[in-house]
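K.L.:
Would you mind keeping the following structure in view while I ask a few things?
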Amino acid sequence: MTRKIPFYHHDLGQAEIDAFTAVVRGPILTTGDVVLEFERRFSAYLGVAHTVGVTSWTGGAHIALVELGIGPGDEVITTPLTFIASATAIIQAGATPVFVDVEPQTGNLDARLVEAAITPRTKAILPVHLYGQMCDMRALRAIADRQKLAIIEDCAHCVEGERDGVRPGLLSEAACFSFFATKNLTCGEGGAIVTRDAARARQLRLLRLHGMDKTAADRARDGYQHWDMVTMGWKYNMDNLQAALLLPQFDRLETKARRREALAQLYLNELAGIAGLSSPLRLPGVRHANHLFTVWIGEGRRDSVIAGLQQRGISCVVNYRAIHLLTYFRDRFGFRPGAFPQAERIGDETISLPFYPTMADADVVAVANALREILA
């Protein structure tokens with residue numbers, strides 16, 4: 001193969017350039033009316049009452065945990081098959097992540113195992129909608145209600161998802177989103193928290209900006225007034241520049257979602273029957289957000305397959321290795337292989353293939369042919 005196929009390529013264009021330029025030419029670069037408009041549009045898209053724009057998923061999850069009163073001595077149940085931030089945000093809040101193994105066919109947190117992991121110190125469940133397919137939120141909500149726990153959803157992969165008639169943010173105390181460079185909705189960095197609770201949203205707005213009760217935009221609009229710091233806060237506020245890049249994308253979010261679904265189906269058709277390769281189960285009746293297209297390569301061949309793809313000019317990544325076996329978690333918490341066998345198996349088999357809305361059908365076929373050749 002002579003032509004390289006990138007793992008991801010964004011589709012930002014003139015609409016985003018124009019929106020960004022308009023902010024640059026205006027007086028407020030930091031949090032202001034453009035962020036408010038993004039928050040309104042995002043809430044409307046998801047059907048939730050309140051959105052709080054932040055600088056990253058991690059910052060959003062951190063203050064969501066803090067707002068819920070979760071801190072030292074508390075435990076939060078989550079999955080070991082995720083990006084490290086799902087666990088490190090819990091640690092940053094002062095609490096302890098408690099891992100529960102995943103479903104063998106989807107990689108999502110196994111709701112059937114959650115209740116056995118609950119202790120008197122457990123305060124919340126943090127499920128991750130892996131690859132873009134939602135966890136069983138109805139089952140998790142029933143457990144949380146029974147045990148008097150909060151739920152904070154990791155929706156970094158799942159803006160467009162739906163399961164059992166439930167969208168992200170509708171069955172949790174808070175749901176956190178990422179707008180990182182490769183996400184379906186992106187501004188390079190950035191994130192958001194959504195919640196159904198008005199008082200929680202007001203507190204999160206304080207926590208995202210140093211605990212201050214007025215912003216720079218407030219002072220620019222209304223003239224200088226003394227501000228107060230009413231609580232401990234952090235510097236996690238989304239700015240107008242990030243929001244400007246996000247807003248034009250709402251107009252094509254559903255079009256891109258349909259294209260992602262078509263590409264995923266093409267991949268599934270082209271990969272069918274290749275020995276040594278499988279893919280996560282796509283549950284019937286679920287709207288998959290298709291953030292990633294991931295395959296599983298067994299028999300210890302994953303790394304050699306990655307090397308073979310890269311030799312052919314095809315970029316790929318691993319989402320994710322089981323994080324409890326990373327050095328920090330092994331050293332701090334004493335985890336060893338065998339603790340969460342399903343997460344470890346999937347973490348050892350996973351490859352995320354090139355996948356983005358502007359990807360050509362011919363590139364999907366080329367990737368599939370390369371996999372067929374390597375695994376033959």
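The values are calculated or read from the model by the stated rules, or taken from the named source; none is laboratory data. As the structure is a computational prediction, the values presented were derived from the model and not from experiment. Neighbour counts run over all protein chains shown; Cβ positions are idealised from the backbone, glycine included.
K.L.:
Kindly indicate whether any position in the range 46-56 is part of a helix (DSSP H, G or I) and polar (S, T, N, Q).
P.N.:
Within the range 46-56, not a single residue is part of a helix (DSSP H, G or I) and polar (S, T, N, Q).
K.L.:
Of the residues in the range 1-42, how many are closer than 26 Å to Y236 by Cβ, part of a loop (DSSP other than H, G, I, E, B) and aliphatic (A, V, I, L, M)?
P.N.:
Selection size over the range 1-42: 3.
K.L.:
I would also like to ask the following. Please find, within the range 30-46, the residue that is surrounded by the fewest Cβ atoms within 10 Å (Cβ to Cβ) out of those that are farther than 28 Å from G223 by Cα and among the small types (G, A, S).
P.N.:
Ranking the candidates gives A44 first.
K.L.:
Against the definition (touching a residue at least 40 places away in the same chain (Cβ under 8 Å) and out of contact with any strand residue (DSSP E or B) (no Cβ under 9 Å at 6 or more places or on another chain)), how does L326 come out, yes or no?
P.N.:
In short, yes.
K.L.:
When residues of the range 201-213 are filtered for being in contact with an Asp or Glu (Cβ under 6 Å, 6 or more places away or on another chain) and surrounded by fewer than 18 Cβ atoms within 10 Å (Cβ to Cβ), how many remain?
P.N.:
1
K.L.:
Name every residue in the range 187-208 that is closer than 21 Å to A64 by Cα and within 17 Å of the chain's Cα centre (by Cα), in order of residue number.
P.N.:
If the condition is that a residue be closer than 21 Å to A64 by Cα and within 17 Å of the chain's Cα centre (by Cα), then E189, G190, G191, A192, I193, V194, T195 are the ones that fit.
Per-residue answers, yes or no, for (1) assigned by TED's automatic domain parsing to the domain that holds L325; (2) at pLDDT below 95; (3) β-branched (V, I, T); (4) buried (at least 23 other Cβ atoms within 10 Å of the Cβ):
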{"residue": "T88", "(1), (2), (3), (4)": "no, no, yes, no"}
{"residue": "T96", "(1), (2), (3), (4)": "no, no, yes, no"}
{"residue": "E115", "(1), (2), (3), (4)": "no, no, no, no"}
{"residue": "P120", "(1), (2), (3), (4)": "no, no, no, no"}
{"residue": "Y131", "(1), (2), (3), (4)": "no, no, no, yes"}
{"residue": "A142", "(1), (2), (3), (4)": "no, no, no, no"}
{"residue": "L149", "(1), (2), (3), (4)": "no, no, no, no"}
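K.L.:
Only one of P27, P6 is touching a residue at least 24 places away in the same chain (Cβ under 8 Å), under 29 Å from G161 (Cβ atoms) and either within 22 Å of the chain's Cα centre (by Cα) or surrounded by fewer than 20 Cβ atoms within 10 Å (Cβ to Cβ) (or both); which?
P.N.:
Answer to the check: P6.
K.L.:
Tally time: how many residues in the range 226-250 are modelled with pLDDT under 95 and within 26 Å of the chain's Cα centre (by Cα)?
P.N.:
Result for the range 226-250: 0.
K.L.:
Out of the range 186-200, which residues are surrounded by fewer than 21 Cβ atoms within 10 Å (Cβ to Cβ) and not acidic (D, E)?
P.N.:
Once the filter is applied, which keeps residues that are surrounded by fewer than 21 Cβ atoms within 10 Å (Cβ to Cβ) and not acidic (D, E), the range 186-200 yields G188, R196, A198, A199, R200.
K.L.:
Residue check: is T358 buried (at least 18 other Cβ atoms within 10 Å of the Cβ), within 19 Å of I5 (Cβ to Cβ), at pLDDT 95 or above and of a type in the set (V, I, T)?
P.N.:
no
K.L.:
Hey, can you tell me all the residues within the range 234-248 that are touching a Ser or Thr at 6+ places or on another chain (Cβ under 7 Å), outside any strand (DSSP E or B) and of a type outside the set (F, W, Y)?
P.N.:
M238, D239, N240
K.L.:
Got at least one residue in the range 65-83 being assigned to a helix (DSSP H, G or I), touching a residue at least 24 places away in the same chain (Cβ under 8 Å), crowded, with 20+ Cβ neighbours inside 10 Å and out of contact with any helix residue (DSSP H, G or I) (no Cβ under 7 Å at 6 or more places or on another chain)?
P.N.:
no
K.L.:
Under 7 Å between Cβ atoms, which residue pairs at least 6 apart in sequence (or on different chains) link something in the range 246-272 that is in contact (Cβ under 8 Å) with a residue 60 or more places away in the chain with a partner that is exposed (fewer than 14 other Cβ atoms within 10 Å of the Cβ)?
P.N.:
L266/D361
K.L.:
Pairs, please: C-beta under 7 Å, at least 6 apart or cross-chain, first residue free of Cβ contacts under 8 Å to residues at least 12 places away in the same chain and hydrophobic (A, V, I, L, M, F, W, C) and in the range 349-376, second surrounded by 15 or more Cβ atoms within 10 Å (Cβ to Cβ) and not in a loop (DSSP other than H, G, I, E, B)?
P.N.:
Short answer, once both residue conditions are applied: none.
K.L.:
What helices (runs of 4 or more DSSP H) lie completely within the range 130-231 and have 1 or more residues being farther than 23 Å from L292 by Cβ and in contact with a strand residue (DSSP E or B) (Cβ under 6 Å, 6 or more places away or on another chain)?
P.N.:
137-147, 198-207
K.L.:
Follow-up question, since we're still on this one. Output the residue which, of all residues in the range 87-129 that are part of a loop (DSSP other than H, G, I, E, B) and of a type in the set (D, E), is nearest to K148 (Cα to Cα).
P.N.:
D110
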